[in-house]
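In what follows, a structure is listed as structure tokens, so that the remarks can point back to it.
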Amino acid sequence: MKISGKAYRTIWPISENAVEVIDQTKLPHEFRTRTLKSASDCANAIRAMVVRGAPLIGAAAAYGIALAMREDPSDENLERAHDLLLETRPTAINLHWALKRMRDALRNQPRETRAALAWTEAAKLCDEDVETCRSIGEHGLKIFREAAAKKKPDETLNVLTHCNAGWLACVDWGTALAAVYMAHDEGIKLHVWVDETRPRNQGASLTAFELGSHGVPHTIIADNAGGLYMRQKKVDLCIVGTDRVTANGDVANKIGTYPKALAAADNRVPFYVALPSSTIDWTLKSGDAIPIEERSADELLKMTGRTPSGALATVEIAAPGSPAANPGFDVTPARLVTGFITERGLCEASKKGLRSLFPEV
Ligand code: MRU
């Protein structure tokens, strides 16, 4: 996607020993990039959410392994880098998927070939992510076309999304937002309600930044506003991404997704989940087994923003001394999901639906 007319991915190699990423902790106030030169740089970037979003976490971990292989291609270092990266964030399964793919590609290869092989494999994984997201967007576009066709010619299609499932969460395009961009680009008159997505505000800071940069009409709303707007028939469809889908179709996504799905079901608003197949965890039978990341209470108790002077500042917003609990994700049961949008097409949110698209797994 483009920033000020220049095409970017979220991660790209800049030499044989370094990759560059967009520093998402600075957005939307500053557009800065950061250089990662080692597996521990990649692990730190994932942990600190310099890079975030399930597919991008996987891509950054893949380059983490590639950078580790440049330093020392031994079995021991491969395992060390794998374990270091794996423990960075617990919920998004793409991290496990990418690390397994890298390890499988390298394990039985001669050491002297591993550095080059790993670099090629990480680049391939990123290119595939872009194509996968493009396909998700094309399949999602069909839903947008159908929904738009039900509106009167001068009416706007109102879409609600939560968190950030756009190109910043992937290598390019995005999952849920890929369809939004494609629909907008082909002239469908749409408007996006952007959940601010407390506590880290990925919606207000990242999704709004993305949509604004692409010229997509949107409005940031408090996380609690969606239910009202659904009741008032101001939402035609919801579309979100996911960090892990279990074999039965349960969906882990950024905290606050589940209440949106409940409100959507109560108001008969279609609720779609867009995902690459790398987000499916075939080993877990249901969402109850998904590890939910517990994050720092500071994310809830403090806020960072730009002051009138232009400087960034962090302020306390809660009663001093009050404790806070901060689960990063929730689980939406499959029964509340209208359908999945994957790179292979649309399916029911169920074991049967997933199997129909991915029979080989
Ligand atoms: O904690 P984050 O920002 O890494 O959360 C991941 C997400 O961006 C969302 O949960 C997203 O909707 C799924 S990833 C496309």
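Could you please let me know if residue 129 is of a type in the set (D, E, K, R) and in contact with a His (Cβ under 9 Å, 6 or more places away or on another chain)? Quick ask: steps written out before the conclusion?
On the way: of a type in the set (D, E, K, R): yes; in contact with a His (Cβ under 9 Å, 6 or more places away or on another chain): no.
So residue 129 fails the test.
Could you list, in sequence order, the residues of region 260-292 that are more than 13 Å from the ligand (Cβ to nearest atom) and part of a loop (DSSP other than H, G, I, E, B)?
Hits for region 260-292 are 267, 268, 269, 270, 282, 283, 284, 285, 286, 291.
Looking at region 250-265, can you tell me whether even one residue there is within 13 Å of residue 93 (Cβ to Cβ), of a type in the set (Ser, Thr, Tyr) and either in contact with a helix residue (DSSP H, G or I) (Cβ under 8 Å, 6 or more places away or on another chain) or assigned by TED's automatic domain parsing to the domain that holds residue 332 (or both)?
First, pick out the residues of region 250-265 that are within 13 Å of residue 93 (Cβ to Cβ): 250-253.
Okay, now just the ones that are also of a type in the set (Ser, Thr, Tyr), so none.
No, region 250-265 contains no residue that is within 13 Å of residue 93 (Cβ to Cβ), of a type in the set (Ser, Thr, Tyr) and either in contact with a helix residue (DSSP H, G or I) (Cβ under 8 Å, 6 or more places away or on another chain) or assigned by TED's automatic domain parsing to the domain that holds residue 332 (or both).
Filter region 86-128 down to the residues that are among the hydrophobic types (A, V, I, L, M, F, W, C), closer than 19 Å to residue 16 by Cα and buried (at least 21 other Cβ atoms within 10 Å of the Cβ) and list them by number.
102, 106, 118, 119, 122, 125, 126
So is residue 318 aliphatic (A, V, I, L, M), surrounded by 13 or more Cβ atoms within 10 Å (Cβ to Cβ) and within 13 Å of the ligand (Cβ to nearest atom) or not?
Details: aliphatic (A, V, I, L, M): yes; surrounded by 13 or more Cβ atoms within 10 Å (Cβ to Cβ): yes; within 13 Å of the ligand (Cβ to nearest atom): no.
Judged against the criteria, residue 318 is not a match.
Please specify each residue of region 236-245 satisfying the condition of being more than 15 Å from the ligand (Cβ to nearest atom) and either buried (at least 24 other Cβ atoms within 10 Å of the Cβ) or among the aliphatic types (A, V, I, L, M) (or both). Give the derivation first.
Pass one, region 236-245, residues more than 15 Å from the ligand (Cβ to nearest atom): 236-237.
Passing the criteria: only 237.
Residues are listed down the side, and each one gets a yes or a no for (1) away from the ligand (no atom under 12 Å from the Cβ); (2) touching a residue at least 24 places away in the same chain (Cβ under 8 Å); (3) out of contact with any His (no Cβ under 6 Å at 6 or more places or on another chain):
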{"site": "204", "(1), (2), (3)": "yes, no, yes"}
{"site": "207", "(1), (2), (3)": "no, yes, yes"}
{"site": "215", "(1), (2), (3)": "yes, yes, yes"}
{"site": "220", "(1), (2), (3)": "yes, yes, yes"}
{"site": "253", "(1), (2), (3)": "no, yes, yes"}
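For region 156-171, how many residues meet the condition of being near the ligand (Cβ under 7 Å from one of its atoms) and of a type in the set (A, V, I, L, M, F, W, C)?
Initially, region 156-171 is screened for residues near the ligand (Cβ under 7 Å from one of its atoms), giving 162-165, 169-170.
Adding the requirement that they be of a type in the set (A, V, I, L, M, F, W, C) leaves 163, 165, 169-170.
Going through region 156-171 one residue at a time, the tally reaches 4.
The values are calculated or read from the model by the stated rules, or taken from the named source; none is laboratory data. Keep in mind that this is a model prediction, so the values were computed, not measured. No Cβ is skipped: glycine too gets one built from the backbone with ideal geometry, and neighbour counts run over all protein chains shown.
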